[in-house]
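Please read the structure below before turning to the comments.
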Amino acid sequence: MEITTLKQLGIEFREAIMWRLGEILARTHKLDTFRMSGKELGDLYLGLAKQELEKSPNVVLDKLNDLDFMRFTLEDYQIVLSNPIPANRIIKVIPQGDEFGRVLRLKKKTKLPESE
């Protein structure tokens, strides 16, 4: 699917998160999903996610901060840019690697105070 606007990207991103949240809830509740069609699964997963959001609105915030959940959610997605982005529009470049965030946190935590 080609996404041409940031609005479309946001919608797809939200739907992917809701779908995966519903998928996890279906597994947790041991619902039989093997005999369902793709549309039925989608309705079940989105329905479960919406119910969970009504009960606990902060569940999405918790999931957005859960690295394993986000990796699971976005593992099948690939973003391909068809137009170049000028360097002055790039806000931040994050290097690849699983330990980038952890390494930064450890460096900040163990940083010695500067002498005056």
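Every read-out reported here was derived from the displayed coordinates using simple, explicitly stated rules and does not represent laboratory data. The structure displayed is predicted, hence computed values, not measured ones. Glycine gets a Cβ as well: all are built from the backbone with ideal geometry, and neighbour counts include every protein chain shown.
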By how many nm would the segment from S82 to H29 grow when fully extended, if each residue of separation counts as 0.36 nm and the alpha-carbon distance is taken off? 14.9 nm
Rank the residues S82, S56 as a footprinting-exposure proxy: fewest other Cβ atoms within 10 Å of their Cβ go first. S82, S56
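May I ask for the net charge around V60, where only other residues with Cβ less than 13 Å from the Cβ of V60 are counted and Lys, Arg are +1 while Asp, Glu are -1? Could you put the intermediate results ahead of the total?
Numbers: positive: R14, R20, K50, K55, K63; negative: E15, E52, E54, D62, D66.
Net charge in that neighbourhood comes out at 0.
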Radius 12 Å from Cβ of F13, net charge of other residues (Lys, Arg +1; Asp, Glu -1): +1
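Can you order the peptides 57-64, 40-47 by their average number of other Cβ atoms within 10 Å per residue, highest first?
Numbers: 57-64: 12.2, 40-47: 15.4.
Averaged packing, sorted descending, gives the order 40-47, 57-64.
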Ranking of I3, I17 by count of other Cβ atoms within 10 Å, fewest first: I3, I17
